[in-house]
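Heads up: the structure comes next, in structure tokens.
Throughout, read-outs are computed from the coordinates displayed, never taken from laboratory work. As the structure is a prediction and not an experimental result, all values here were calculated from the model. Cβ: placed from backbone, ideal geometry, glycine included. Neighbour counts: every protein chain shown.
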Amino acid sequence: MRMLFCALALSSSALVASSAHAQVATIDTAAKLLPPGSYECKLGAYAYRDCEITAKGSGVELVTTPGLGHFIEMRAELLPSDDKNQLTLLGSLTSSQNVCDSCNPGAPDTDQCVGGYEAMRACQRQPLVARLKVTGRTAKGSLKYYINRPSYTDGTYTGYFKLGNTIDLSIRPKKAKK
């Protein structure tokens, strides 16, 4: 019995010690960390480009502004985390131009339409996921996505495979113009 009491005491003290890094997340936690407004987003080595964080119910979502040359154009909900100052991004592509092949409906699997039309549609519908650490009003993390890559044997196309990728994502408030 004494051993059980000691184990409970140790586990409860560990829980108290770890609670310094935890928070009870609610849907508005994300809006408190990154409130709606004008931001700049950077993907990998690409330059910062305009993006928006907009209200969505009591939460927020990130929208990369179309037509500005973002490597990945997306709309993504920013979800709260029980880990202090962290968010989870869960989104989808709004344009698949740099990530997925372009294929006509019914197109077969060829090196010009890797995986065929159905593989292209699956690529376009893939979920985008990132874990973001928020410091001040800046968030940083790695965005996960995949691309379909062709396979060749002796120079002949033999099919395709999904190649998982990550790209660094940074979000910061838009700088005021001078």
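Summary table
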read-out: Sequence of Ser92, Ser81 once ranked by neighbouring C-beta atoms within 10 Å, starting from the fewest; value: Ser92, Ser81
read-out: Flagged links, alpha-carbon separation over 18 Å, of Lys32/Lys144; Lys42/Lys140; Lys42/Lys174; Lys56/Lys133; Lys32/Lys140; Lys133/Lys175; value: Lys32/Lys144; Lys56/Lys133; Lys133/Lys175
read-out: More than 22 Å apart - percent of Cα-Cα pairs taken over the range 24-173; value: 44
read-out: Additional length obtainable on full extension of the chain from Asn165 to Ala47, 0.36 nm per residue less Cα span; value: 40.6 nm
read-out: At R0 = 25 Å, FRET efficiency that the Cβ-Cβ distance of Ala122 and Gln97 yields, to 0.05; value: 0.95
read-out: Residues Leu78, Leu89 arranged by fewest to most Cβ contacts within 10 Å; value: Leu89, Leu78
read-out: Relative contact order (percent, whole number), the range 24-173, Cα cutoff 8 Å, 6+ residue spacing; value: 20
read-out: Mean-position separation - Cα centroids, the range 80-128 and the range 144-176, in angstrom; value: 10
